[in-house]
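One structure is given below, encoded as structure tokens.
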Amino acid sequence: MTIVNNREFATNQEKYFDMAESESIYIRRGNSMFHLRYQPVETQYPKQVILEPDDNLRSAITAEELLRRVHEDIHKKFALRI
């Protein structure tokens with residue numbers, strides 16, 4: 001177990017991150033103390049998430065369709081003002 005103050009930690013972050021892989025690192029800031037914990041990202045988050053299609057996806061339109069509809073609306077609005 002290693003305890004460092006926040007200034008020492010900020011100055012030597014790489015050193016303490018490397019140390020955290022094999023031992024507990026505590027960072028002291030004023031009256032508070034924080035535990036630097038090593039946990040590889042792969043164990044926290046899945047590498048790939050596949051969502052099942054739902055009603056919102058089925059009713060979605062493509063970007064091309066959206067652009068076509070916007071152009072139509074713009075032409076209608078300007079046609080009415082001429």
Test: residue in the range 56-66 that is surrounded by 10 or more Cβ atoms within 10 Å (Cβ to Cβ) and at pLDDT 90 or above: yes
In the range 1-36, the residues that are part of a helix (DSSP H, G or I) and in contact with a Lys or Arg (Cβ under 6 Å, 6 or more places away or on another chain): Asn6
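Taking Thr11 as the residue in question, decide whether it is modelled with pLDDT of 90 or more and out of contact with any strand residue (DSSP E or B) (no Cβ under 7 Å at 6 or more places or on another chain).
Judged against the criteria, Thr11 is a match.
The values are calculated or read from the model by the stated rules, or taken from the named source; none is laboratory data. None of these values were measured; they are calculated from a predicted model. Every residue, glycine as well, gets a Cβ built from its backbone with ideal geometry; the counts of neighbours run over all protein chains shown.
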